[in-house]
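Input: a single structure, listed below in structure tokens.
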Amino acid sequence: MKELILARGGESRYHIESCPGTEFAAGELAAYIEKICGVRLPETGDGPALRLLLPEGDAHAYRNAEGFVIEADGEDILIRGEGPRGVIYGVYTLLEDCFGCRFFAEDCELIPPAETLVLPGDLHIEKHPAFCYRDVFLATMSPACKVKNKVNASLPKDIPGGQYFFAESLCHTICQLAEMENVKTGEQPCLTDEKVFQTVLKNCRKWLDANPDAAVISVTQNDGYGHQGGCTCERCREIDEREGSFAGTMISFVNRIAEALEPDYPDVLVDTFAYRYTRKAPRTVRPRHNVVVRFCTIEACFTHPIESECRATEDSIYGTVSLAQDLRDWSAISGKLFIWDYCTNFSRYLLPFPDLFSIRENVNFFYKCNAIGVFEEGDYQNKVDGELNALRAYLLAKLLWDPDMDEETYRGHMLEFLQNYHGAAWEPVYRYILSLHERALRQHSGIYSYSPTIFGYEMMDLESTNAFRADYASWVALFDEADALADSDAVRHRLKLARLSLEVLKLCAPGVLSFLPEQITRERYYPKLKEMGIVFYREGFPMP
Ligand SMILES: [Zn+2]
Ligand SMILES: [Zn+2]
């Protein structure tokens with residue numbers, strides 16, 4: 001088979017030919033090829049080309065298409081995108097799959113140097129995203145790194161590679177849309193009240209007119225922490241009792257909004273939640289074709305896969321079978337399903353969150369349930385890499401692009417990350433991850449769980465606390481081992497950040513790992529956390 005020699009010995013016959021809309025991708029391709037083999041390919045030339053191509057015709061119509069084909073055409077190499085983002089993803093895929101590059105984090109990329117850059121003459125790679133909406137909502141992953149890993153949501157507008165999804169806001173919008181004042185937590189408007197309907201409709205139009213590029217408008221319930229339900233007036237109750245769920249009134253209401261908006265905004269989707277009191281699917285009402293249901297996994301145990309149904313689920317007043325069953329039920333009636341998933345402990349951002357093995361199975365489950373979008377909400381407030389978040393974000397991005405990834409491939413991504421991010425110190429870090437998850441597997445933990453729940457010890461029980469202390473001591477020893485192996489300042493700094501989790505774990509275990517009350521320990525640790533760049537200790541609570 002003929003080989004295409006892109007560059008050899010510091011020289012190349014190739015140039016990179018772009019077309020309008022592919023300039024950013026062309027710049028990235030040229031820059032990385034130069035980093036790999038030292039040759040800067042020009043934009044024009046007489047020889048063969050790496051050609052970046054877009055479809056003919058109306059650029060607006062295909063602006064959000066993301067599939068691509070990379071193929072050899074004689075001596076030319078074509079990267080043919082379905083839209084501009086498809087070309088960008090095609091470039092990064094060529095760099096990853098053919099040249100061995102990896103984009104682990106903003107400050108950690110693998111760019112294997114090569115004297116000769118070769119592609120097979122029968123090169124053909126074709127990919128289409130499994131989810132159209134992919135959001136890794138963790139502050140530690142920079143926008144540029146997200147784009148390189150094909151995350152397409154929650155990106156600044158000036159970053160090429162993002163899609164603009166939500167008009168104005170992505171969640172808990174009903175308060176603003178219905179112009180509710182002084183809303184108490186968990187309070188919801190009456191969804192069969194015509195005045196509420198007209199007010200929400202008017203404001204939806206206002207938001208959409210102000211955001212003409214938005215693909216989705218969120219009409220979503222107010223937040224609530226318990227299991228407060230919706231309105232229980234006679235009209236609402238009649239619908240919800242018949243439907244066996246508060247989603248009865250919610251979907252009926254959102255369907256009406258979606259129907260009213262459709263003539264003027266035919267491409268816009270109206271999004272609503274299946275969240276807490278609306279989590280259970282209705283019996284007969286069906287979401288319209290332009291309605292997105294965003295199913296939220298907030299009650300899940302994140303240590304084990306959702307499908308294992310390991311945890312008796314908390315229920316709404318209408319009762320619930322299980323989280324997994326509720327998701328399957330929505331999947332059966334909703335053509336457009338988004339998922340809102342969680343990947344941190346929101347009451348202690350740095351507390352170890354043992355989900356690094358369950359996320360693969362969960363994303364796989366979302367895919368099997370025909371979800372078309374996934375939002376992964378993690379620590380969105382600390383940019384520094386606490387609690388292995390750089391690793392978590394990288395793995396999530398990989399999963400959202402390739403949601404039916406098998407375990408071996410997933411493990412391969414994890415090892416590749418650790419070996420590059422922690423260099424010679426990778427192995428003790430990996431053993432720490434394995435040991436931590438192994439211990440956590442014996443219990444169940446949610447996004448607000450406290451340390452005794454996550455790690456299965458009881459304050460007054462000597463046997464369980466001693467066992468936990470022994471594990472804790474072994475984790476500290478693994479970090480000591482990693483520190484001794486660290487071969488650069490960058491790695492030493494990353495280890496210091498990762499170790500903060502053990503210190504927070506200690507302050508969350510007064511009487512077991514520390515003999516001071518949490519408040520005093522916390523005051524002692526705060527300066528250290530702040531020095532390392534931690535600005536939020538828990539969701540919404542800035543460091544004092
Ligand atoms: Zn009502
Ligand atoms: Zn569990």
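Read the figures in this text as sums done on the coordinates, not as results from a lab. Predicted, not measured: the structure shown is a model, and the values here were computed from it. For neighbour counting, all protein chains shown are included, and Cβ atoms are generated from backbone atoms with ideal geometry for every residue, glycine included.
General observations
- When residues in the stretch 487-531 are screened for being within 24 Å of residue 448 (Cβ to Cβ) and not in a helix (DSSP H, G or I), 9 of them pass.
- Filtered residues of the stretch 284-313 (kept if of a type outside the set (D, E, K, R), assigned to a loop (DSSP other than H, G, I, E, B) and touching a residue at least 60 places away in the same chain (Cβ under 8 Å)): 297, 298, 300, 301, 302, 303, 304, 305, 310
- Residue within the stretch 449-457 that is within 15 Å of ligand 2 (Cβ to nearest atom), out of contact with any helix residue (DSSP H, G or I) (no Cβ under 9 Å at 6 or more places or on another chain) and in contact (Cβ under 8 Å) with a residue 12 or more places away in the chain present: yes
- Enumeration of residues in the stretch 207-246 that are in contact (Cβ under 8 Å) with a residue 24 or more places away in the chain, over 21 Å from residue 259 (Cα atoms) and of a type outside the set (D, E, K, R): 222, 224, 225, 226, 227, 228, 229, 230, 231, 233, 244, 245
- Considering 72, 114, the condition of being under 16 Å from residue 14 (Cβ atoms), in contact with a strand residue (DSSP E or B) (Cβ under 9 Å, 6 or more places away or on another chain) and assigned to a loop (DSSP other than H, G, I, E, B) is satisfied by 114 alone.
- For the stretch 292-305, the candidate set comprises residues that are away from ligand 2 (no atom under 16 Å from the Cβ) and in contact with a Gly (Cβ under 9 Å, 6 or more places away or on another chain); within that set, the residue that is farthest from residue 358 (Cα to Cα) is 292.
- Single residue of the stretch 15-55 satisfying the filter (crowded, with 18+ Cβ neighbours inside 10 Å and hydroxyl-bearing (Ser, Thr, Tyr)) that is nearest to residue 96 (Cα to Cα): 32
- The conditions of being away from ligand 1 (no atom under 16 Å from the Cβ) and in a helix (DSSP H, G or I) are not met by residue 447.
- Qualifying residue in the stretch 408-422 (condition: within 14 Å of residue 498 (Cα to Cα) and not aromatic (Phe, Trp, Tyr)): yes
- Total residues in the stretch 228-268 satisfying the condition of being surrounded by 24 or more Cβ atoms within 10 Å (Cβ to Cβ), away from ligand 1 (no atom under 14 Å from the Cβ) and under 28 Å from the mean Cα position of the chain (by Cα): the figure is 4.
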